[in-house]
Amino acid sequence: MEFSTTLNNRISIRDFKDKQISKEILKTIVSDAQQAPSWANSQPWRVYIATGDTMKEIQKSHITKTEAGLKGNSDLAVKDIKEWGELPWSNMSTWLDKVGSDETMTDFTAANVRLWNSPAMAYITVPKTTPVWSIYDAGSFAQTLMLSATDHGLDSMVAYENIKYPDEIRKNLGVSEEEIIVAGIALGYRSENKINNFTNNRLTTEKILTIK
Ligand SMILES: Cc1cc2nc3c(=O)[nH]c(=O)nc-3n(C[C@H](O)[C@H](O)[C@H](O)COP(=O)(O)O)c2cc1C
């Protein structure tokens, strides 16, 4: 695939087909992600992938916790979005307005809760003992993994929702308390659900770039 095609095809997909991913492809995209740079080549990342019954167990637990009104307690602290600055909050409210005004999107929240019906989820961790820079490294790793997934015909969804209840991940995949769960990336094949037509724009390059 042309790089620009890969880059543009990687969008957040919020509903997946009921189709498993071969272990070979999963291994390939993780192997590709290992090309990501890291400080002192420390490669602080570890990856745990839930598939099949393990994935279903996590999805079941996620629904139960959400329905019980359990607050998220991700390993990385969450700041109130209104405190981030103007853009994230205005994006979020515009987005919620758009979703709310389209009656076919009423299951948008439900899509979050059922973890997008994804057949697989890759969780990326770094050791608690490593410096905060390891989070940077894990971010590079995550993006490389998602681009490789696209290049191999897969779709992905990185989300806070995926890691908001870390205990369900630890219990089902054996992630230790010595690791920080930095990202959860749902993987699979996009369904026809209209929710997947929902795309987001970017700021103009002029707005974010200074060259002197
Ligand atoms: C760290 C992180 C957390 C996110 N959490 C959520 C989430 O909980 N729910 C959701 O619907 N989208 C979530 N997103 C997806 C973003 O909204 C999305 O990446 C952004 O709007 C850009 O759209 P695109 O991924 O389609 O290019 C998250 C993205 C990132 C990088």
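The values are calculated or read from the model by the stated rules, or taken from the named source; none is laboratory data. Keep in mind that this is a model prediction, so the values were computed, not measured. Don't worry about glycine lacking a Cβ; one is built from the backbone with ideal geometry, like all the others, and counts go over all protein chains shown.
Tabulated results
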quantity: Residues of region 114-129 classified as in contact with a Ser or Thr (Cβ under 7 Å, 6 or more places away or on another chain) and either of a type in the set (V, I, T) or crowded, with 24+ Cβ neighbours inside 10 Å (or both), total; calculated: 1
quantity: The one condition in (1) away from the ligand (no atom under 15 Å from the Cβ); (2) at pLDDT 95 or above that T104 fails to fulfil; calculated: (2)
quantity: Of the criteria (1) more than 30 Å from E177 (Cβ to Cβ); (2) more than 15 Å from the ligand (Cβ to nearest atom); (3) not acidic (D, E), which one T54 fails; calculated: (1)
quantity: Criterion: within 16 Å of the ligand (Cβ to nearest atom) and farther than 23 Å from N9 by Cα - qualifying residue of V132, V158; calculated: V132
quantity: Those residues of region 142-158 which are part of a strand (DSSP E or B) and either of a type in the set (S, T, N, Q) or buried (at least 24 other Cβ atoms within 10 Å of the Cβ) (or both), in sequence order; calculated: D155, S156, M157
quantity: Hits in region 116-129 - residues which are away from the ligand (no atom under 15 Å from the Cβ) and assigned to a strand (DSSP E or B); calculated: A120, P127
quantity: Residue that is surrounded by the most Cβ atoms within 10 Å (Cβ to Cβ), among those in region 174-202 that are more than 19 Å from R114 (Cβ to Cβ) and more than 15 Å from the ligand (Cβ to nearest atom); calculated: E179
quantity: Only one of E192, E161 that is at pLDDT 95 or above and in a loop (DSSP other than H, G, I, E, B); calculated: E192
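Residue by residue, here is whether (1) under 11 Å from the mean Cα position of the chain (by Cα); (2) polar (S, T, N, Q); (3) closer than 29 Å to T64 by Cα holds:
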| site | (1), (2), (3) |
| --- | --- |
| S140 | no, yes, no |
| Q143 | yes, yes, no |
| S156 | yes, yes, yes |
| Y160 | yes, no, yes |
| P166 | no, no, yes |
| V175 | no, no, yes |
| A186 | yes, no, yes |
| S191 | no, yes, yes |
